[in-house]
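Worksheet: one structure, shown below.
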Amino acid sequence: MEEYKTFLETFLSPDKIEKLIIIGFNIILIYILLIAIVYLEHRLFKKFIEHRERQSADKTNLIFLKNVVIYTTYCIGFLSIFNQIPGMQQLSKTLLTGAGILAATVGFGSQQAISNIVSGIFMVIFKPFRVGDHINLGGENKGTVIDISLRHTTIKGSSNRIIVIPNTVLNNQSITNSFVVSPATCALVDVRIGFRADVNQALSIMHEEAMKHALLIDNRTETEKTNGDPVVVVRMVEWTDSSVNLRAWAWAANSDNAFILKCDMLKSIKERFDAESIDIPFQCKNVKPVL
C-alpha cells in the first residue's frame, strides 16, 4: 500500500501536474493555430481559384498547389504537437528533416503514397488533363475532373457520382480527353434500316433531324465551308446479314450536349421512319437478307 501511495504522490506531484497542464495548453494552442492557418489557406486559395475561373484560365496548378500547401501545414502542425509530448521530441525532430520524412514514409510501407505524389506532380506538369476537363478511362470511369490532390484525382461522373482514382493508376492509364484541344464533340448516330427501305430517303431524314436540333454546332473549318462540305455528314457505312447501317456525324459544343443530341436524334429519326414507312429490321438468326 505504501508503494502505491508513493507512486501516486510522485506521479501527481505539483511539478508533474504543472508540466502536464503546460503540455496540454501548448498542444491545444498549436492545434487551434493549425486550424486557423489551414482555414486562411483555404480562403486565400479559394480567392485565387475564383479569380482564375473569372478569367476562364486553367486552375489545375493552383488546386494542386493548394493541396500541397495544406498537406504540408498539417504535417508540420502534427509534428509540432508530437514535439510537445515527453519522449517524442527526438522522433518529431527526425521526421521534420527531409531525409527523415522520406525514411519514415518508406519505413511505414507507403511507397505507393510516394508513387501517387510523384504521379500527381507529373500530371500537373505535363497536363494530360486539367481540372474541368471531361475524361474517359473506359467503362463507367468517365466524367469531369474536379480535383487533383497529392494522392488521388477526383472525377464527377454523369450520374453525379464521385469517382476517386489514385494518381498512379491515372499515370499508367489510357485517357480520352474531350477538352484537350476543343470541348466540341462529335455524336455518332448509328441507325439500321431494312434492305427494302429507300436508303436515300433514310439518309435525308437523318440529315434533316440533325440540322434542326438546337444543340447542333457548325464545326467545319474555313476550307470545308469554302468547299461546301455539309454541316452534318450522313453516309451508309455497311450492310450486315440483316440490315443496312447508316451513320450521321453531328457536332455539339461538348460531350454532354453530344449525348443529348444523339438521344434526341435517335428518337426523332425513329418517329420519322415510322411515319414514312421506312423499315427498321430486328435481329433474325439464320435468315438470309432479301436483295
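The values are calculated or read from the model by the stated rules, or taken from the named source; none is laboratory data. The structure presented is a predicted model; accordingly, all values stated were derived computationally and were not measured. Cβ placement follows ideal geometry from the backbone for every residue including glycine, while neighbour counts extend to all protein chains displayed.
Hey, among ASP190, ASP218, which residue is more than 22 Å from ASN245 (Cα to Cα) and of a type outside the set (S, T, N, Q)?
On the way: ASP190 fails: more than 22 Å from ASN245 (Cα to Cα).
That would be ASP218, the only listed residue that is more than 22 Å from ASN245 (Cα to Cα) and of a type outside the set (S, T, N, Q).
Find the residue count for the stretch 208-238, including only residues that are under 21 Å from PHE195 (Cβ atoms) and surrounded by 16 or more Cβ atoms within 10 Å (Cβ to Cβ).
1
Which residues, counting only those in the stretch 21-47, are exposed (fewer than 14 other Cβ atoms within 10 Å of the Cβ) and within 29 Å of the chain's Cα centre (by Cα)?
ILE35, TYR39, LEU40, HIS42, ARG43, LEU44, LYS46, LYS47 - these are the residues of the stretch 21-47 that are exposed (fewer than 14 other Cβ atoms within 10 Å of the Cβ) and within 29 Å of the chain's Cα centre (by Cα).
Among the residues of the stretch 273-281, is any in a helix (DSSP H, G or I), surrounded by fewer than 16 Cβ atoms within 10 Å (Cβ to Cβ) and modelled with pLDDT under 95? Talk me through it step by step, then tell me what you get.
The first filter runs over the stretch 273-281 and keeps only residues in a helix (DSSP H, G or I), leaving 273-275.
Next cut, surrounded by fewer than 16 Cβ atoms within 10 Å (Cβ to Cβ) only: 274-275.
The next check asks that each one be modelled with pLDDT under 95; those that pass are 274-275.
Yes: the stretch 273-281 contains one or more residues that are in a helix (DSSP H, G or I), surrounded by fewer than 16 Cβ atoms within 10 Å (Cβ to Cβ) and modelled with pLDDT under 95.
Identify, from the list LEU95, LEU102, LEU91, the residue that is surrounded by fewer than 14 Cβ atoms within 10 Å (Cβ to Cβ), modelled with pLDDT under 65 and not assigned by TED's automatic domain parsing to the domain that holds GLN173.
LEU102
Please specify each residue of the stretch 185-202 satisfying the condition of being out of contact with any Ser or Thr (no Cβ under 8 Å at 6 or more places or on another chain) and either in contact (Cβ under 8 Å) with a residue 12 or more places away in the chain or assigned to a strand (DSSP E or B) (or both).
CYS186, ALA187, LEU188, VAL189, ASP190, VAL191, ARG196, ALA197, ASP198, VAL199, GLN201, ALA202
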